[in-house]
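Asks: The structure follows.
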Amino acid sequence: MVSRDCRCSYLMHTRERYNNWISMKRKHLVAVAVVVVLLVIAVWGYFGSIPYISPLMHGQKFLRVVGPSMQPTIRVGATVSYEQVPFSQLKVDDIIVFKRTGDNMLILARITHILAEGLETKGDNNPSPYPYNITATEYVGKIVRIDNPP
């Protein structure tokens with residue numbers, strides 16, 4: 001006959017093993033969930049649904065738009081991504097980022113004409129083109145993605 005103490009000891013040992021097993025499974029489940037969430041964020045960001053992750057994963061830089069010169073195409077508060085495209089490959093209607101001569105402020109504008117002296121640009125919301133032509137020296141990059149605020 002097995003003593004009562006022996007049976008209680010066996011049950012306690014079995015319960016302890018079961019609790020350890022459950023604890024291990026919970027930790028494993030949490031680790032798997034974390035990995036799945038990180039993979040979803042990476043894939044979602046890579047394919048462009050997350051404004052700040054996608055540009056970084058594609059080697060692009062991004063800016064927050066603070067002025068209304070490109071409305072309605074690019075609204076105030078929008079996030080735009082740009083990348084360095086060779087100056088010679090730019091075309092009319094491309095939207096570019098350039099450094100304004102004098103204060104180096106970054107400006108977004110649409111290319112309206114390609115001239116021998118440089119690019120003539122204009123903000124969509126501006127009545128006339130900028131009074132200066134953009135050369136390769138002022139050129140920063142081409143807008144490749146626009147994330148307007150809701």
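Every number here is computed from the coordinates shown, using simple stated rules; none is lab data. What you are looking at is a predicted structure, and each value in this text was computed from that prediction instead of being measured.
Asks: If each residue of separation counts as 0.36 nm, what is the full-extension length gain between K91 and V34 once their alpha-carbon separation is subtracted? Mind dumping the intermediate values first?
Replies: Numbers: separation 57, 0.36 × 57 = 20.52 nm, distance 4.45 nm.
Here the answer is 16.1 nm.
Asks: Still on this structure, please answer the following. Tell me which lysines have Cα within less than 30 Å of K61's Cα, excluding those fewer than 8 residues away on the same chain?
Replies: Here the lysines satisfying the reach criterion relative to K61 are K91, K99, K122, K142.
Asks: Using the Karplus curve 6.51 cos²θ - 1.76 cosθ + 1.60 with θ = phi - 60°, work out ³J(HN,Hα) for each residue of segment 16-32 in order, rounded to whole Hz, and write x for Gly and Pro.
Replies: 4, 5, 4, 5, 5, 4, 4, 4, 4, 5, 4, 4, 5, 4, 5, 4, 5
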